[in-house]
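Undergrad: I'd like to ask you about the structure that follows.
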Amino acid sequence: MERKNFAVLCAAVLCFWLFALALGTAEGVGLRAVMHPEERAVSADVEEAAEGILLPTAAAAPQLDLNCRAAILIEQGSGRVLYEKNADERVPIASITKVMTLLLAFEAVHDGRLTMETPVPVSEHAYHMGGSQIWLEPGEHFTLDEMIKAICVSSANDAAVAVAELVGGSEPAFVEQMNARAASLGMEQTSFRNACGLDAEGHLSTARDVAAMSRTILNTCPEVLHYTGIWTDTLRGGATQLVNTNKLLRRYEGITGLKTGTTGGAGICISASATRNGLSLIAVILGAPSSADRFDAATTLLDYGFGAYEAAPLPKLEAQPLQITVRGSAAGSVPLDYSALPETVLVEKGSGASLHTELTLPEELEAPVEQGQTLGKAVVYQGKALLEEYEVRAAADAPRMTVRDAIGLLWQSLTGAA
């Protein structure tokens with residue numbers, strides 16, 4: 001009898017403890033840096049020295065000879081600005097506008113609203129587009145794949161408007177989507193008036209905004225490079241020849257795209273993307289007086305970037321826990337997602353040896369934890385300067401323990417069930 005009473009007492013205590021654990025309130029949980037003890041003193045000095053220090057967006061760049069109205073050079077992965085000239089001046093951008101048209105088209109495919117085989121009808125409105133075109137006829141049908149090829153290779157205005165009508169229902173409705181997407185990307189100085197980039201009052205952007213738009217499509221829709229890298233192709237069974245307007249494809253090592261543009265109001269423009277040795281750059285040139293000046297300026301920017309910077313391997317973390325304990329959850333722990341950490345980081349050429357990475361994570365967590373929730377960060381230092389920060393997130397949910405969960409755990413403990 002005494003043994004039975006003792007077991008009942010133990011069960012009651014355990015049940016009370018589990019119930020309290022399930023309904024307990026969250027307490028403050030401190031952060032810890034995951035590193036060897038002998039590193040902590042050094043780390044404290046580094047953090048104190050780095051506090052309040054903002055790493056410059058670029059090294060002290062030389063004055064480059066760029067015959068254009070505005071320009072910018074950024075690193076594609078981080079978006080870090082490496083060089084700029086009048087980068088916030090609002091100017092027409094001609095057919096570089098089509099980068100946004102392409103972005104919305106690819107996003108419609110990603111969302112399942114369209115496929116690359118979706119037929120694209122040709123309206124009278126698309127037929128009447130001037131400038132560069134593939135001479136679409138009303139009633140003609142091409143697949144979205146073919147239309148995107150015409151936009152990327154030949155910068156076809158009629159194809160761009162036809163795609164805009166397919167995605168948005170009409171070009172005016174699509175332009176509203178373009179401006180909404182630009183706002184979501186922080187392109188505060190951009191206002192679109194059409195889908196193809198023909199000169200129109202108020203159709204303006206900046207080199208900085210064009211770089212942000214270009215970076216977005218390259219990072220989220222890498223399939224665009226399948227089209228922007230085409231030098232020549234055909235449509236209509238070979239009857240229509242397509243020749244890429246980006247002559248850097250034949251002149252510059254590592255060039256991958258992205259889009260040219262020319263109008264009377266905008267001048268000669270390009271958003272040029274290139275990759276060498278793991279380093280991807282975007283050079284935007286707006287308002288050049290000639291095609292030769294446009295390509296020369298883009299080449300100068302890209303040469304500067306590849307000459308002054310490199311993609312250095314991200315230093316490995318000394319300790320990289322796979323999970324963190326979660327109090328108040330039946331799960332007991334949550335796995336960690338390190339996917340935000342890149343393989344490389346941008347540094348000035350030859351300075352990769354000065355990099356080190358520190359991981360900051362909680363000792364433990366309090367339920368509930370949601371998948372994707374930021375739990376800590378990996379911080380990259382170059383010497384004593386803070387270079388980059390990357391989020392470490394929860395890879396699964398760890399919901400708060402319910403009364404049923406607590407009773408289930410109690411039963412398992414009493415019966416020895418697995």
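Undergrad: Rank by packing, highest mean first: peptides 355-361, 122-128, with packing defined as the count of other Cβ atoms within 10 Å averaged across residues. Kindly include the intermediate steps, with their values, before the conclusion.
TA: Numbers: 355-361: 19.6, 122-128: 17.0.
Order by mean packing, descending: 355-361, 122-128.
Undergrad: What ranking, highest mean first, results for peptides 270-276, 311-317 when packing means the other Cβ atoms within 10 Å averaged over each residue?
TA: Listed from highest to lowest mean packing, they are 270-276, 311-317.
Undergrad: Could I have the simple spin-label model distance between Asn219 and Asp303, label points 7 Å from Cα toward Cβ, reported in nm to one decimal?
TA: Reported label-point gap for Asn219 and Asp303 is 2.9 nm.
Undergrad: Over segment 199-313, what percent of the accessible surface lies on carbon and sulfur atoms, probe 1.4 Å?
TA: Carbon with sulfur: 50 percent of the solvent-accessible area.
Undergrad: For an R0 of 25 angstrom, estimate the FRET efficiency from the Cβ-Cβ distance between Glu117 and Glu137 and round to the nearest 0.05. Walk me through the numbers on the way to the answer.
TA: Values: r = 21 Å, r/R0 = 0.83.
E(calc), rounded to 0.05, equals 0.75.
Undergrad: Which whole-Hz ³J(HN,Hα) couplings does segment 312-329 yield from phi under the Karplus relation 6.51 cos²θ - 1.76 cosθ + 1.60, θ = phi - 60°, glycine and proline marked x?
TA: 8, x, 5, x, 5, 6, 5, 9, 9, x, 8, 7, 10, 5, 10, 7, x, 10
Undergrad: Skipping prolines and chain starts, which residues have an amide H placed within reach, meaning under 5 Å, of the one on Glu140, given they are 5 or more residues away or on another chain?
TA: The list, which skips near neighbours in sequence, is Val122.
Undergrad: Going down the table (Lys85/Lys316; Lys149/Lys349; Lys247/Lys349; Lys349/Lys384; Lys85/Lys349; Lys85/Lys259), which pairs top 25 Å between alpha carbons?
TA: In this structure, Lys85/Lys316; Lys149/Lys349; Lys247/Lys349 exceed 25 Å between Cα atoms.
Undergrad: Return one whole number: the accessible area per residue of segment 69-138 in Å², for a 1.4 Å probe.
TA: Here the residues of segment 69-138 average 40 Å² of exposed surface.
Undergrad: Compute the signed sum of charges (Lys and Arg +1, Asp and Glu -1) over the other residues within less than 15 Å, Cβ to Cβ, of Gly139.
TA: -4
Undergrad: Quote the accessible area belonging to Thr216 in square angstrom, nearest 10, computed with a 1.4 Å probe and with ligands, DNA and RNA left uncounted.
TA: Counting only protein heavy atoms, the figure is 20 Å².
The values are calculated or read from the model by the stated rules, or taken from the named source; none is laboratory data. What you see is a predicted model; the values in this text were computed from it and never measured. Positions of Cβ are backbone-derived with ideal geometry, glycine not excepted, and every protein chain shown enters the neighbour counts. Note: areas computed on protein heavy atoms with side chains; ligands, DNA, RNA excluded. Shrake-Rupley method; radii C 1.70, N 1.55, O 1.52, S 1.80 Å.
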